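Quick notes on the structure that follows.
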Amino acid sequence: MGWLWAIIVGFVLGLIAKLIIPGKQHSPLWLTTIFGMLGAIVGNALARAFGVEATSGIDWTRHLFQLIAAIVIVALGDMAYMALWGNKKAQQRA
């Protein structure tokens, strides 16, 4: 169940990050999910470093760290994706 939950959280975080980032992102959905999973991991580590890993009730601060990390990772990951594979796909279409 842990892996399934990680995939679901990564999917949701990745989609929210894509909605927040201005412009069009070109990375596929599976890669966005992986970026979101990485954002959750990095966000949890940052929350732990700042001492807010577990609070009573809903951990809004931890979720905010996760979302910010996911936004950064999705943006950087999409730039890397376009740098590596974007030009190849554009050439194939032409």
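The values are calculated or read from the model by the stated rules, or taken from the named source; none is laboratory data. All figures in this text were calculated on a predicted structure; none of them were measured in a lab. Backbone-built Cβ (ideal geometry, glycine too); neighbour counts: all protein chains shown. Quick note on the areas: whole protein, heavy atoms, side chains included, nothing else; ligands and nucleic acids left out. Shrake-Rupley method; radii C 1.70, N 1.55, O 1.52, S 1.80 Å.
Residues in the stretch 33-46: is at least one surrounded by fewer than 15 Cβ atoms within 10 Å (Cβ to Cβ), closer than 15 Å to GLY77 by Cα and free of Cβ contacts under 8 Å to residues at least 24 places away in the same chain? Within the stretch 33-46, none of the residues are surrounded by fewer than 15 Cβ atoms within 10 Å (Cβ to Cβ), closer than 15 Å to GLY77 by Cα and free of Cβ contacts under 8 Å to residues at least 24 places away in the same chain. Looking only at the stretch 16-32, residues that are in contact with a Gly (Cβ under 9 Å, 6 or more places away or on another chain), more than 15 Å from ALA69 (Cβ to Cβ), in a helix (DSSP H, G or I) and open to solvent by 40 Å² or more (accessible area, probe 1.4 Å) come to 1 in all. Among the residues of the stretch 3-15, those that are within 17 Å of GLY43 (Cβ to Cβ) and surrounded by fewer than 17 Cβ atoms within 10 Å (Cβ to Cβ) comprise TRP5, ALA6, ILE7, ILE8, VAL12, LEU15.
Only a single criterion out of (1) assigned to a helix (DSSP H, G or I); (2) at pLDDT below 90; (3) among the hydrophobic types (A, V, I, L, M, F, W, C) is not satisfied by VAL9, namely (2). Considering the stretch 47-66, the residues that are part of a helix (DSSP H, G or I), open to solvent by 40 Å² or more (accessible area, probe 1.4 Å) and not basic (Lys, Arg) include one that is nearest to TRP5 (Cα to Cα), namely HIS63.
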